[in-house]
Amino acid sequence: MNQIYNLIVILASQLLKIITLFSPKMKLFVEGRKAVFQTLENKIQATDRTIWFHAASLGEYEQGLPVIEAIKQQYPNHKIVVTFFSPSGYEVRKNNNLADVTVYLPLDTISNAKQFLRIVHPEMAFFIKYEYWPNYLNELKKKQIKTYLISGILRENQAFFKWYGGFYRNALKTFDYFFVQNESSKTLLQSIGFNNVKVSGDTRFDRVVSILERDNSLDFIAQFKADKTTIVIGSSWPKDEELLIDYINNSAENVKFIIAPHNIKLEQIQELKKAITKKTILFSEKDTVDVSNYSVFVIDTIGILTKIYSYADIAYVGGGFGNPGVHNILEPATFGVPVVIGPNYAHFAEATALVNMEGCISIQNQTQLNEVFDLLLQNEDERLEKGHICSTFVQMNKGATQAIMGYILA
């Protein structure tokens, strides 16, 4: 099976070169990996002490941030190396301030794994949530480098738990310890003989709780809001926007809307603005006007949505009408804001829990969206109660980072 896997990886690397001719994202995926080893050679010396974190994409990086911060504080003389598999993670966080080196993870060939670990020579390695690269994991085991899975999620339909999953189960044997989010993940690991596992919870709760300790003020958002009830729409997709635009265009004059689309390409932003009949301003235009005179504020930039949620009275989080589903609902929830989402949220434990607790409301169509927004706008007590449920939920689930660090430092 090892030989088959390695052959597949090599063939995939060749196929990707062809796909880059037709896909800008895949071009980033391939081109971004060309200079990885040179970058590592330039930034890491043989005498450096290092710790390695790997994240599949942006969501996993954000999930691992509390642990990266804690490790950096505890090991200030070590260099932190962060790798990404996906362009959507690397391109957004390649200039982060936490890591000393941030690069793409070279494809999982035996030679790449050996070269990567020779240059980086980490004392510890952390894989965030998932992604199990057998060659990297096997080389880590051979070199006796402590390797951890943090905020892990295991599901019954994964190959590890199938009769044919021996090759993948061997990859799990390379981990020194598993820190998982829930009891079901622990039970699944124990069912195939792994008892080096602890339910530590989800480190994302620690990250969003820490947001409350930062300065979240944005003067231009405060000016725009002008003390009016405000609905913040975060990470919206076209399917979300179809319903939202209809509601916005028919809404009362005393309600304001802030939209931060998932995709901020110029043509899509212009289409969105054109479809809205209310007076609308873009972030890129804000310095030329008095934003308080507008009803809708479209955020055609990245990196400020979290702060914007602090100004929300109601939040709509997009992605719930597509796959894999809804985006991060914990950021608005931590500010005590009731959250509205689309129907696809079953793969996200925090969304499922908050829907069951009625702090978060899932809608399926235009009629339901209208009814929910009207209820929350007209009934302040309902709005505050659901917001309280959200903030309490976040506070009750913090502590995963402390559990992880407690074990590592013991």
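The values are calculated or read from the model by the stated rules, or taken from the named source; none is laboratory data. Every value quoted in this text rests on a predicted model; they were computed, and no experiment measured them. Glycine gets a Cβ as well: all are built from the backbone with ideal geometry, and neighbour counts include every protein chain shown. All accessible areas refer to the heavy atoms of the entire protein, side chains included, with ligands and DNA or RNA removed. Shrake-Rupley method; radii C 1.70, N 1.55, O 1.52, S 1.80 Å.
Below, the figures for the structure above:
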quantity	calculated
Cα centre as origin, Lys/Arg/Asp/Glu Cβ charges: segment 270-410 dipole, Debye	320 debye
Ranked by how many other beta carbons lie within 10 Å on average, peptides 40-46, 311-317, 66-72, 322-328 from highest	311-317, 66-72, 322-328, 40-46
Average accessible area per residue (Å²) across the chain - probe 1.4 Å, nucleic acids and ligands excluded	47 Å²
Percent of beta bridges antiparallel (DSSP, the chain, rounded to nearest 5)	0 percent
Whichever lysines have a C-alpha closer than 16 Å to that of Lys273, once near sequence neighbours (fewer than 8 apart) are set aside	Lys239, Lys256, Lys265, Lys286
Whole-angstrom gap from segment 81-158 to segment 1-74, using each part's C-alpha centre	7 Å
Between helix 380-396 and the chain: long-axis angle, C-alpha atoms, 0 to 90°, nearest 10	10 degrees
Cut-off under 5 Å, modelled amide H: who pairs with Phe126 long-range	Trp52, Phe53, His54, Tyr148
Environment charge of Ile211, counting only residues whose C-beta is closer than 9 Å and scoring Lys/Arg +1, Asp/Glu -1	+1
Dipole moment magnitude, nearest 20 debye, the chain about Cα centre, only Lys, Arg, Asp, Glu C-beta charged	2000 debye
Dipole of segment 337-410 [Lys/Arg +1, Asp/Glu -1 at C-beta], most positive-end residue of Thr367, Gln402, Val337	Gln402
³J(HN,Hα), Karplus 6.51/-1.76/1.60, whole Hz, each residue of segment 204-221, x for Gly, Pro	4, 5, 5, 5, 6, 5, 5, 4, 5, 8, 9, 7, 9, 6, 9, 4, 5, 6
Theoretical ellipticity at 222 nm over the chain - DSSP helices of four or more residues, -39500 (n - 2.57) apiece, nearest 500	-13500 deg cm²/dmol
Difference of contour (0.36 nm per residue) and Cα-Cα distance, Glu242 to Asn263	6.1 nm
Those lysines that a straight Cα-Cα span of less than 18 Å connects to Lys146, excepting residues fewer than 8 apart in one chain	Lys72, Lys79, Lys114, Lys129, Lys173, Lys198
10 Å-binned pair-distance histogram of segment 195-334 (Cα, whole percent)	11, 41, 33, 10, 3, 1, 0
For segment 79-189: span of alpha carbons on each principal axis (Å, largest first)	40, 28, 23
Segment 228-299 versus segment 304-347: alpha-carbon centroid distance in Å	16 Å
Ratio of the Cα radius of gyration of segment 269-410 to 2.2 N^0.38 Å, where N counts its residues	1.20
Nearest-ten-degree value, helix 238-249 long axis tilted from longest Cα axis of the chain	20 degrees
Using alpha-carbon coordinates, inclination of helix 366-378 to the longest axis of the chain, degrees	70 degrees
Compactness relative to 2.2 N^0.38 Å, alpha carbon Rg of segment 14-160	1.02
